[in-house]
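The block underneath contains the structure these notes are about, expressed in structure tokens.
The values are calculated or read from the model by the stated rules, or taken from the named source; none is laboratory data. Just so you know, these numbers come straight off a predicted model, no measurement behind them. All Cβ positions, glycine included, derive from the backbone under ideal geometry; neighbour counts span all protein chains shown.
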Amino acid sequence: MTEKPYPDNNELRLSQFDYDLPEALIAQTPADQRSASRLLHLDTLSQIHDRQFLDLPDFLKAGDLLVFNNTKVIKARLLGQKDTGGKVELLIERITEDKQALSHIKSSKSPKPGTVLHIAPNLSLTVTGREGELFSVQFPVNVLDALDEHGMTPLPPYIEHAADAQDEARYQTVYAQEPGAVAAPTAGLHFDDVVLEQLKNKGVRLAFVTLHVGAGTFQPVRVEKLTEHKMHFERYTVPAETLKLVDETRQQGRRIIAVGTTSVRALESAAKQREAGQAGVDISGDTNLFITPGYQFDLVNALITNFHLPRSTLLMLVSALAGMTPIKQAYEHAVAQQYRFFSYGDAMFIETPSK
């Protein structure tokens, strides 16, 4: 009896996605130059190759389609205090209206509706309600304007320093356009204008989606049985122009290569939401698509990504694309070869295993 390539969904356990990572391998700062990272290539035969990110154009062919997430990280972290003097910290999760947002709030006690939070002499916010773990917050001015003036770049919890000028520049892709993310789509951080130009000159086509990465991307999975995990929602849009390029690429037998797990989720969510024969319209919505081993990909053939946290939904996604055993072996190899991990770390190029 041959072994199944993936367990059935109800057999998947959180402990299957764990690995040992020395703390010293968690990158605390970006590489000197965006494209100066290493690249672990996991090929169609699940063979591992140690390369440099600058080698990426060698793996791509004319007609391949690279799909990037053009979300822009907002300065979503605010510090302030209540009328009582108690300190509060806000992490804006989503802007819902011009002057309203949903936010995570850290304080000694959960603020009740009507609580005023003083951020600056000219900026006080009012808590108006609660939606699950998030608080509704009313701003007196445009939310983005207030964040630009008073907010800080929200770095991931495993980066130990406070955001500085380097982070403001480097924790953002060079093609970021649509403000709304509280975490960067970090696979895109490796691309600079030189690499993008090389890809275009080779005949590789570029397309964009928008998925506003939420703080939920860092939330740990708290259940052992994965079918019991509730995935967080994130807002996404796949433009009609991108869908047209996707359709053309498929018809030509070329590859659709997602840059980052967020691009994967946007593309695959759009494929499920799109009606048969629908063309010429943007596809958008809130997605909580949870991709685990056994998932059948509708659009994505390959993935450029960073290394992900143990026991994370992102590690489950890459395991769905490449296979659980190949990813396990690749991560063991990366640890042994001292690759840099997580947001400011090195990259992987994962190709779908040949059948």
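A residue that is touching a Lys or Arg at 6+ places or on another chain (Cβ under 8 Å), at pLDDT 95 or above and assigned to a strand (DSSP E or B) occurs nowhere in segment 103-115. No other residue among F290, F297 is aromatic (F, W, Y), part of a loop (DSSP other than H, G, I, E, B) and within 20 Å of A183 (Cβ to Cβ) apart from F290. The residues listed here are S343, S319; of these, the one that is buried (at least 20 other Cβ atoms within 10 Å of the Cβ), modelled with pLDDT of 95 or more and farther than 18 Å from S37 by Cβ is S319. Scanning segment 14-35 for residues that are in contact with a Leu (Cβ under 7 Å, 6 or more places away or on another chain) and either modelled with pLDDT under 95 or under 16 Å from L315 (Cβ atoms) (or both) returns L14, F17. Residues in segment 217-247 that are in a helix (DSSP H, G or I) and free of Cβ contacts under 8 Å to residues at least 60 places away in the same chain were compared, and the one that is surrounded by the most Cβ atoms within 10 Å (Cβ to Cβ) is L243. When segment 306-355 is filtered for residues that are without any contact (Cβ under 8 Å) to a residue 12 or more places away in the chain and farther than 21 Å from G294 by Cα, only A336 remains. So for segment 110-123 (the condition being of a type in the set (A, V, I, L, M) and buried (at least 21 other Cβ atoms within 10 Å of the Cβ)), does at least one residue qualify? Taking every residue of segment 110-123 in turn, at least one turns out to be of a type in the set (A, V, I, L, M) and buried (at least 21 other Cβ atoms within 10 Å of the Cβ).
Scanning segment 19-35 for residues that are loosely packed, with under 14 Cβ neighbours inside 10 Å and not in a helix (DSSP H, G or I), we see that the one that is nearest to the chain's Cα centre (by Cα) is T29.
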